[in-house]
Each structure stands twice: as C-alpha cells, then as structure tokens.
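The values are calculated or read from the model by the stated rules, or taken from the named source; none is laboratory data. Quick caveat, the model's predicted, so the values are computed rather than measured. In this analysis, Cβ positions are derived from the backbone assuming ideal geometry, glycine residues included, and neighbour counts consider all displayed protein chains.
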Amino acid sequence: MKKLAILSLFLGLVGSAYALEKVNITTGVYMESEDHNSEYSSSDLDVKGIKLKAAMKEIPLWVEFNYEYRNVNLSGHTGDEDRYKFMIGYKFEAGSFVFRPEYELRIRELRESPDEQWGNRFKPNWDYKFNDQWTLFNNWMFTYQPTKAYRGMADTKNWDDYYHEIETGIKYKFEGNQAVLFSVYNEYEKDEKSPAQVQAYSYDEWQLRLAYEKKFNNGVFVSPFVRIGIDKSEKTVLGYDNDNKLRNRYGAKMGYTAENGIGVYGEAYYQDEEMQTASGVKMNERDKVFLKLGVDYTF
C-alpha cells in the first residue's frame, strides 16, 4: 500500500505539471539480460522494466519512476524480485562548477520470500570545467539500506547495511563531438553482522575505466568502454579473506534520438571475473554477457 500511495502521488504530480504544460514527459520500456557461462548459469538474470520521467522546462529539476520485473535462473522463483525506483534530481551551476545531486528510493521485494530491502541512495555528483576541453567529473553514490531478511536464528530481523560507488575522472573533449574519459572507480559494501555470518560480509573493489564518446549529426551516439580491475578484497561469511577476485569488462553503449521524440538505446558488454572458494582455492572464471535494449518516447 505504501508503494501504491507513493506511486499515486508521483503520477498525480506528473499529471498536474503536464496539464500546465511546464514539463517534458518521457515514457519507456527496457529489457536486460545477464548470461553467464554454464558453470555459473544459476546467476543468469532477465529484467523487464518500465519508466516514466518528468523534466521541468523552466528549471533543471526532474523526477522519475521505474518498475522492474526481475527473474533469476533458479528453481521455484527463488531470488525473483519486484524492484521499484523513485528518483529526483536537480542541477546547480556556478561558473565552472556544476552540482548534480540526485536522490533515489529503491525498494526490493522477493516474490517467494518476506525479505525486503529499502535503499536510500544519495548521489552528490559534480563537475568542474577547466576550459572547453578539460572537465573533472565525480559520479558518487552512497546508500543506507534497511533490510528485512533471514540471517540465521536471530531475534533481530532488521539489518542496517551500507554500500557505495565512487567514480572520479577526467573528460577531454575534442573536435567532431568526440570525447575520451579516464576515471578511477571504487565499490564497497558492508553487511551488518548476524549469527548467519561469522564475520560481517564486506568487499572492496577498485577499477580503472576508459571510455570514448562520439555524437553524430544524425542523432546517433556510441561509446565503447573498458573497465580493468586492479584490486578487490572480500571477507566471506566463513571468516576467510579472498583477495584479487578481479573483474574486467569490455563493451559499448549506444543510442539514437529522432526528431519526433522517439529514442532507442542499448548496452552490450563481456565481463570476466576470477573466482575462488571460501578458503581461497582458485576456481574457473565466471564469464558474463550483458545485453540491454530500451525504447523511449518524449512528448
């Protein structure tokens, strides 16, 4: 009921704003697929999503709602979930400095379990433009995740977990609507200690990222990218420390926007990931192919 009330409020605000003709409305659908090699096929995942976004015309404010129907390749629908995302963002400009804060409420509900997670995601993104060619960018996300989940025979059923993604880099723009981006990325997660976890689970990963962007005059956008793992440490549920289970990713993003408001976008990549047992014994790599395709219409 809470999610329905929030969604009704969101749609009411969007409808009211649209009636006043002060917003651009974007609707869309998208699909995602994660296909692992046969040894890890239980990690395969399919997603079907819808989105509704409203961007104000007179001020740089936007709101968005996404719903995702996620299916995991496990028997009995174990791991399948409904995901709801409510987002709002704004852009402040002061000379060469641009502040792009966003907030996202993300709700995850497992279909075959009472487990539920609420994630409050804060994104204090900002850019600093040195000149027409060089820009320093920071894409940051911090989340506080109240979780209701089974973690052993504990009286406590509510846990407070933490997660962040931090990317800091440089963008160089040159002739012909082209740019290259180089950045350093860190991902960190810590789950609160419970009887089911001898030590609180956590992992810490570092990557180097390189991307190329090209915008064509006909509305086509392409961006091949590479992400190279340089360090990763993981504290497992049995108390072992696994180091350097590195992930590398090679792929491209693409999109097309027509003058009639229709847009098509997609992403494809291949990822290889080193694997170990809980005691640190090397296992076969877990490879993944990811595909995403979406269609939008703005009116």
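Would you pick out the residues in the range 205-246 that are of a type in the set (D, E, K, R), modelled with pLDDT under 95 and exposed (fewer than 15 other Cβ atoms within 10 Å of the Cβ)?
Residues satisfying the conditions are D231, D241, D243.
I need the full set of residues from the range 98-128 which are within 15 Å of T168 (Cα to Cα) and in contact with an Asp or Glu (Cβ under 9 Å, 6 or more places away or on another chain), in order please.
V98, F99, R100, K123, P124, N125
Does R70 satisfy the condition of being modelled with pLDDT under 95, touching a strand residue (DSSP E or B) at 6+ places or on another chain (Cβ under 7 Å), among the basic types (K, R) and surrounded by 18 or more Cβ atoms within 10 Å (Cβ to Cβ)? Steps first, please.
Working: modelled with pLDDT under 95: yes; touching a strand residue (DSSP E or B) at 6+ places or on another chain (Cβ under 7 Å): yes; among the basic types (K, R): yes; surrounded by 18 or more Cβ atoms within 10 Å (Cβ to Cβ): yes.
Here the answer is yes, as R70 does meet what is asked.
Can you work out which of the residues in the range 126-135 that are surrounded by 15 or more Cβ atoms within 10 Å (Cβ to Cβ) and under 20 Å from L210 (Cβ atoms) is nearest to the chain's Cα centre (by Cα)? It would help to see each step written out before you state the result.
The first filter runs over the range 126-135 and keeps only residues surrounded by 15 or more Cβ atoms within 10 Å (Cβ to Cβ), leaving 126-127, 129, 135.
Add one more test, that the residue is under 20 Å from L210 (Cβ atoms), and what stays is 127, 135.
Working: D127: 19, T135: 23 Å.
Result: D127.
Output the residues belonging to the range 102-119 that are within 30 Å of S75 (Cβ to Cβ) and either in contact (Cβ under 8 Å) with a residue 40 or more places away in the chain or not in a loop (DSSP other than H, G, I, E, B) (or both).
Residues satisfying the conditions are R106, I107, R108, E109, L110, E116, Q117, W118, G119.
So, F137, is that one under 28 Å from T257 (Cα atoms), part of a strand (DSSP E or B) and touching a strand residue (DSSP E or B) at 6+ places or on another chain (Cβ under 8 Å) or not?
Working: under 28 Å from T257 (Cα atoms): yes; part of a strand (DSSP E or B): yes; touching a strand residue (DSSP E or B) at 6+ places or on another chain (Cβ under 8 Å): yes.
Against the criterion (under 28 Å from T257 (Cα atoms), part of a strand (DSSP E or B) and touching a strand residue (DSSP E or B) at 6+ places or on another chain (Cβ under 8 Å)), F137 qualifies.
Are any residues in the range 96-125 over 22 Å from E68 (Cβ atoms) and not small (G, A, S), and if so, which ones?
Hits for the range 96-125 are F97, V98, F99, R100, P101, P124, N125.
Taking K51 and the conditions (1) within 30 Å of N260 (Cβ to Cβ); (2) part of a loop (DSSP other than H, G, I, E, B); (3) in contact with a Ser or Thr (Cβ under 9 Å, 6 or more places away or on another chain), which numbered condition does it fall short on, given that it satisfies the others?
(2) is the only condition that K51 fails.
Residue-by-condition table, conditions (1) under 30 Å from N284 (Cβ atoms); (2) surrounded by 14 or more Cβ atoms within 10 Å (Cβ to Cβ); (3) not aromatic (F, W, Y):
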position: H36; (1), (2), (3): yes, yes, yes
position: V47; (1), (2), (3): yes, yes, yes
position: K57; (1), (2), (3): no, no, yes
position: R100; (1), (2), (3): no, yes, yes
position: N120; (1), (2), (3): no, no, yes
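Test of understanding: among F99, F122, F86, which residue is in contact with a Phe, Trp or Tyr (Cβ under 7 Å, 6 or more places away or on another chain), over 26 Å from T135 (Cα atoms) and either assigned to a strand (DSSP E or B) or at pLDDT below 90 (or both)?
Numbers: F99 fails: over 26 Å from T135 (Cα atoms); F122 fails: over 26 Å from T135 (Cα atoms).
Testing whether each residue is in contact with a Phe, Trp or Tyr (Cβ under 7 Å, 6 or more places away or on another chain), over 26 Å from T135 (Cα atoms) and either assigned to a strand (DSSP E or B) or at pLDDT below 90 (or both) leaves just F86.
Give R286, R249 a once-over and let me know the one that is at pLDDT below 95, assigned to a strand (DSSP E or B) and basic (K, R).
Values: R249 fails: at pLDDT below 95.
Of R286, R249, the one residue that is at pLDDT below 95, assigned to a strand (DSSP E or B) and basic (K, R) is R286.
Determine, yes or no, whether S75 is modelled with pLDDT under 90 and surrounded by 14 or more Cβ atoms within 10 Å (Cβ to Cβ).
Against the criterion (modelled with pLDDT under 90 and surrounded by 14 or more Cβ atoms within 10 Å (Cβ to Cβ)), S75 does not qualify.
How many residues are part of a strand (DSSP E or B), among the hydrophobic types (A, V, I, L, M, F, W, C) and more than 19 Å from S38 (Cβ to Cβ) when one looks only at the range 252-283?
First pass over the range 252-283, keeping only residues part of a strand (DSSP E or B): 252-257, 262-276, 282-283.
When the remaining residues are screened for being among the hydrophobic types (A, V, I, L, M, F, W, C), the result is 252, 254, 262, 264, 268, 275, 283.
Subset that is more than 19 Å from S38 (Cβ to Cβ): 252, 254, 262, 264, 268.
The total comes to 5.
Right, K2: modelled with pLDDT under 90 and on the phi < 0 side of the Ramachandran plot or not?
yes
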